[in-house]
Amino acid sequence: MAERTVEPLTVILLNRGGRFYRSTVFQNLENAGIASVISVEMSAETYDVESLSNRFPRVKFLVPLERVSIGELINMAMAETLSPRVLVLWNDQRLPSSGISQRALDRFAENPSLCVVPSLTSQKLENVPVYMVPAFNGKTLTVESLPGVRDQAPTAYAFDYTGIYDRERFVSLGGYDPSITTPHWQNLDLGFRSYLWGERIVVSTAFRLTYEGDIPSEDVTPDASYVSFFLKNLAPVLGKKGIYLPTGAFFTLLAKGGLNFFEAIALFRCVKRWVSNNRARFVADAHAVAAAWELP
């Protein structure tokens, strides 16, 4: 049996809206030298997959059987490739015709990280803020988007999920948490976990993508997903004997989490086990991560 060829880079293409001609998107990726593409459908309702599959035989189509979160779709697609690097992008984002610059790929190899986030621009070539800086105001976490990013600057998460991921690191971190479904908190959860566990996400000024549609807005409203994000990322404390989830976090959860007592205690116990099971992975707690943040 012939060995399966492993491409150095696979594209996970996320599809939103029906405004963009899908055949043009695939052709543009092919022209940019991308040989391996996994097209992720947002639902099981697909009307053109068969015809597109015949036209682009090297594209693999991933069709979910039920509606799931964006992060879970990315997890599923990551499991379908062995490529060491995986570019996640949307069908309304365009690579330059020259593809990904060798400089960007070289920097990726020189400074390994979980994800390299591209510089993003709008249709009018206006810069989209992708440099996210976490800070604590007392016990409250804020994440500010700042302009003027330098190359390889650390960012709290990959805006719009977009970037070149190190697949092995992604899998080792557990990927996106499917129980956190709101995109902003799901994205921030993976980003913060990467820093808590000693990884990082950086911005590349040599790697650029352009939106052909509207820039997506982020809903940062605290909701049920925020509650899980808080318990997993902000509440654990690194003490002399390692990381632990303090009992006081339960009372914060009970007071502000919008859950009844039994729901709160079930969630708290679940996350407490998760923290305990992964305690050896933590190298810092959230306050230490924010305090040590590198500013340009």
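Would you tally the residues in the range 116-132 being of a type outside the set (Val, Ile, Thr), open to solvent by less than 40 Å² (accessible area, probe 1.4 Å) and over 11 Å from PHE207 (Cβ atoms)? Steps first, please.
Within the range 116-132, the first condition is being of a type outside the set (Val, Ile, Thr), and the residues that meet it are 118-120, 122-127, 129, 131-132.
Next, from what is left, pick out any that are open to solvent by less than 40 Å² (accessible area, probe 1.4 Å): 118-120, 122, 131-132.
Still in the list and also over 11 Å from PHE207 (Cβ atoms): 122, 131-132.
Within the range 116-132, residues that are of a type outside the set (Val, Ile, Thr), open to solvent by less than 40 Å² (accessible area, probe 1.4 Å) and over 11 Å from PHE207 (Cβ atoms) number 3.
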For MET76, only one of the following conditions fails: (1) under 16 Å from the mean Cα position of the chain (by Cα); (2) crowded, with 19+ Cβ neighbours inside 10 Å; (3) in a helix (DSSP H, G or I). What is its number? (2)
How many residues does the range 229-248 hold that are at pLDDT 95 or above and under 21 Å from ALA156 (Cβ atoms)? 10
Scan of the range 108-139 for residues that are under 18 Å from LEU196 (Cβ atoms), in a strand (DSSP E or B) and without any contact (Cβ under 8 Å) to a residue 60 or more places away in the chain, ordered by number: MET132
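Out of all the residues in the range 146-158, is one or more of a type in the set (Asp, Glu), over 19 Å from ALA109 (Cα atoms) and open to solvent by 20 Å² or more (accessible area, probe 1.4 Å)? Break it down stepwise before answering.
So in the range 146-158, the residues of a type in the set (Asp, Glu) come out as 151.
If we keep only those that are over 19 Å from ALA109 (Cα atoms) as well, we get none.
Among the residues of the range 146-158, not one is of a type in the set (Asp, Glu), over 19 Å from ALA109 (Cα atoms) and open to solvent by 20 Å² or more (accessible area, probe 1.4 Å), which makes the answer no.
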Within the range 272-283, can you find the residues that are over 10 Å from PRO236 (Cβ atoms) and in a loop (DSSP other than H, G, I, E, B)? VAL283
Filter result for THR205 (in contact (Cβ under 8 Å) with a residue 24 or more places away in the chain, in contact with a Lys or Arg (Cβ under 6 Å, 6 or more places away or on another chain), of a type in the set (S, T, N, Q) and part of a strand (DSSP E or B)): no
Which one is farthest from the chain's Cα centre (by Cα) among residues in the range 212-252 that are polar (S, T, N, Q) and assigned to a loop (DSSP other than H, G, I, E, B)? THR247
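Could you please let me know if ARG67 is in a loop (DSSP other than H, G, I, E, B) and either within 18 Å of the chain's Cα centre (by Cα) or crowded, with 19+ Cβ neighbours inside 10 Å (or both)? Outline the logic, then answer.
On the way: in a loop (DSSP other than H, G, I, E, B): yes; either within 18 Å of the chain's Cα centre (by Cα) or crowded, with 19+ Cβ neighbours inside 10 Å (or both): no.
No, not satisfied.
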Enumerate the pairs (first residue in the range 69-81 and β-branched (Val, Ile, Thr); second residue anywhere and surrounded by fewer than 20 Cβ atoms within 10 Å (Cβ to Cβ)) with beta-carbon separation below 6 Å, excluding pairs fewer than 6 apart on the same chain, so at least 6 apart or on different chains. ILE70/PRO183
Subset of the range 81-107 (residues that are open to solvent by 40 Å² or more (accessible area, probe 1.4 Å) and part of a strand (DSSP E or B)): ARG85
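Does THR10 meet the test of being out of contact with any Phe, Trp or Tyr (no Cβ under 6 Å at 6 or more places or on another chain), open to solvent by less than 70 Å² (accessible area, probe 1.4 Å) and either part of a helix (DSSP H, G or I) or modelled with pLDDT under 90 (or both)?
Working: out of contact with any Phe, Trp or Tyr (no Cβ under 6 Å at 6 or more places or on another chain): yes; open to solvent by less than 70 Å² (accessible area, probe 1.4 Å): yes; either part of a helix (DSSP H, G or I) or modelled with pLDDT under 90 (or both): no.
For THR10, the condition - out of contact with any Phe, Trp or Tyr (no Cβ under 6 Å at 6 or more places or on another chain), open to solvent by less than 70 Å² (accessible area, probe 1.4 Å) and either part of a helix (DSSP H, G or I) or modelled with pLDDT under 90 (or both) - is not met.
Please tell me if ALA280 is open to solvent by less than 50 Å² (accessible area, probe 1.4 Å) and either more than 19 Å from ASP177 (Cα to Cα) or without any contact (Cβ under 8 Å) to a residue 60 or more places away in the chain (or both). Can you show your working first?
Working: open to solvent by less than 50 Å² (accessible area, probe 1.4 Å): no; either more than 19 Å from ASP177 (Cα to Cα) or without any contact (Cβ under 8 Å) to a residue 60 or more places away in the chain (or both): yes.
Considered against the rule, which asks whether it is open to solvent by less than 50 Å² (accessible area, probe 1.4 Å) and either more than 19 Å from ASP177 (Cα to Cα) or without any contact (Cβ under 8 Å) to a residue 60 or more places away in the chain (or both), ALA280 comes out as no.
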Residue hits (the range 253-271; part of a helix (DSSP H, G or I) and open to solvent by less than 90 Å² (accessible area, probe 1.4 Å)) are LEU253, LEU254, ALA255, ALA264, ILE265, ALA266, LEU267, PHE268, CYS270, VAL271
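The values are calculated or read from the model by the stated rules, or taken from the named source; none is laboratory data. Keep in mind it's a predicted model, so treat the numbers as computed, not measured. In this analysis, Cβ positions are derived from the backbone assuming ideal geometry, glycine residues included, and neighbour counts consider all displayed protein chains. We work out accessible area using only protein heavy atoms, side chains counted, and drop any ligands, DNA or RNA first. Shrake-Rupley method; radii C 1.70, N 1.55, O 1.52, S 1.80 Å.
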